[in-house]
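The structure under discussion appears below in the form of structure tokens.
The values are calculated or read from the model by the stated rules, or taken from the named source; none is laboratory data. Quantities reported herein were computed from a predicted structural model and do not represent experimental measurements. Cβ sites come from the backbone with ideal geometry, for glycine too, and all protein chains shown count toward neighbours.
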Amino acid sequence: METQSWTAFLNKTGIRLAAPRRRRTSAPKGMTLIEILVVIAIIGIVATVVAVGVVGYMKDAKIETTKTLVDNVAKGVSSFAVTHRGIPKDLNELVEKKYIKKNQTKDPWDNELEFTAGNGGAIDDFTLCSNGPDGSGGNEDDICSNRDEE
């Protein structure tokens, strides 16, 4: 009884006793399966968009790299021709005489550059080509430097 009267007294005076705090047992501790699947789907969509864009840029970058490579090797052929009073028989001769490096005889698609000397014997009478992305010569994607047309 004494406890009840004490509680009644406190209630009459307006003093409130704090109720013991209860722990929440239903608090979320992580993400649901649906939330995880939504996040994975969004990541997949973003990755696909990025991959498609990167592939296009990579192809363009390889083409531009090949144009620069063909031009640099053609300049090496011209330098050789001026120094030795004639064009080399093949690109290996340029490598041996250190006009170009060994890795400059292949395009970014790992195909050998094709070097053809002209019949006129002039120092700028040659054609240097990469077969381009498809690897086969004689079509529109070939990248060439025909020095006798400059």
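Just a few scattered comments:
- When the residues of region 102-116 are filtered to those that are closer than 14 Å to Gly76 by Cβ, surrounded by 14 or more Cβ atoms within 10 Å (Cβ to Cβ) and not aromatic (Phe, Trp, Tyr), the one that is modelled with the highest pLDDT is Leu113.
- Single residue of Leu10, Leu37 found to be in a helix (DSSP H, G or I), at pLDDT 90 or above and not basic (Lys, Arg): Leu37
- For Ser130, the criteria (1) in contact with a helix residue (DSSP H, G or I) (Cβ under 6 Å, 6 or more places away or on another chain); (2) free of Cβ contacts under 8 Å to residues at least 24 places away in the same chain; (3) among the hydroxyl-bearing types (Ser, Thr, Tyr) hold in every case but one, which is (2).
- Qualifying residue in region 75-91 (condition: under 26 Å from the mean Cα position of the chain (by Cα) and buried (at least 16 other Cβ atoms within 10 Å of the Cβ)): no
- Among the residues making up region 92-116, a single one is aromatic (Phe, Trp, Tyr) and either at positive phi or within 24 Å of the chain's Cα centre (by Cα) (or both): Trp109.
- Flag for Val77 being touching a helix residue (DSSP H, G or I) at 6+ places or on another chain (Cβ under 8 Å) and more than 27 Å from Glu140 (Cα to Cα): no
- Qualifying position, being β-branched (Val, Ile, Thr), out of contact with any His (no Cβ under 8 Å at 6 or more places or on another chain) and under 20 Å from Pro133 (Cβ atoms), among Thr116, Thr65: Thr65
- Whichever residue in region 117-141 is of a type outside the set (D, E, K, R) and farther than 30 Å from Tyr57 by Cα and, among such residues, is surrounded by the most Cβ atoms within 10 Å (Cβ to Cβ): Phe126
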